[in-house]
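These notes are about the structure you will find just below.
The values are calculated or read from the model by the stated rules, or taken from the named source; none is laboratory data. Bear in mind that the values here come from a model prediction, so they are computed numbers and not experimental data. Virtual Cβ from ideal backbone geometry, glycine too; neighbours counted across all protein chains shown.
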Amino acid sequence: MTIEEPVRILVACGTAIATATYVAEKVKKVLEKHKIKGEVYQAKAQEVNYFIKMLGKVHLILATTIVTPADKSIPILNAMPFLTGIGESDLEKKIIDVIKAKK
């Protein structure tokens, strides 16, 4: 990944409507806070592999449900802390750690 290349994060939930929208907004704020150029996409859990294929590269998946990407090299983090408020700062740190490891 080059410095100019944006980080691509896929947020997956059951329907890709309310929950994914809320989590995606939280992720965008984390990226802005840490001055990281990124793109955040929302998908149903069943659409994860389609999005990975369509985007070409996904650096991180945040999920509120079980997802099974064909590409097992993509890290998956549980996004529930962004919904419950419990463990939000830990999740933020994990997101940043994953992004830094991918650079």
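Please determine, by comparing only the residues of the stretch 8-33 that are at pLDDT 95 or above and β-branched (Val, Ile, Thr), which one is surrounded by the fewest Cβ atoms within 10 Å (Cβ to Cβ).
Out of the qualifying residues, it is Val30.
Regarding Ile61, is this residue in a helix (DSSP H, G or I), on the phi < 0 side of the Ramachandran plot and hydrophobic (A, V, I, L, M, F, W, C)?
Values: in a helix (DSSP H, G or I): no; on the phi < 0 side of the Ramachandran plot: yes; hydrophobic (A, V, I, L, M, F, W, C): yes.
No, not satisfied.
Can you tell me which condition Ile36 does not meet? The list is (1) surrounded by fewer than 20 Cβ atoms within 10 Å (Cβ to Cβ); (2) in contact (Cβ under 8 Å) with a residue 40 or more places away in the chain; (3) assigned to a helix (DSSP H, G or I), and all the others hold.
Condition (3) is where Ile36 drops out.
Applying the selection to the stretch 64-103, what residues are over 11 Å from the mean Cα position of the chain (by Cα), part of a loop (DSSP other than H, G, I, E, B) and aliphatic (A, V, I, L, M)?
Hits for the stretch 64-103 are Ile66, Val67, Ala70, Ile86.
Would you confirm whether or not the stretch 12-20 contains a residue that is assigned to a loop (DSSP other than H, G, I, E, B), more than 14 Å from the chain's Cα centre (by Cα) and among the hydrophobic types (A, V, I, L, M, F, W, C)?
Residues of the stretch 12-20 that are assigned to a loop (DSSP other than H, G, I, E, B), as a first pass: 14-17.
Those still in the list that are more than 14 Å from the chain's Cα centre (by Cα) too: 14-15, 17.
Then keep just the ones that are among the hydrophobic types (A, V, I, L, M, F, W, C); that gives 17.
Yes, some residue in the stretch 12-20 is assigned to a loop (DSSP other than H, G, I, E, B), more than 14 Å from the chain's Cα centre (by Cα) and among the hydrophobic types (A, V, I, L, M, F, W, C).
Is at least one residue of the stretch 45-57 over 11 Å from the mean Cα position of the chain (by Cα), closer than 19 Å to Leu91 by Cβ and assigned to a loop (DSSP other than H, G, I, E, B)?
No.
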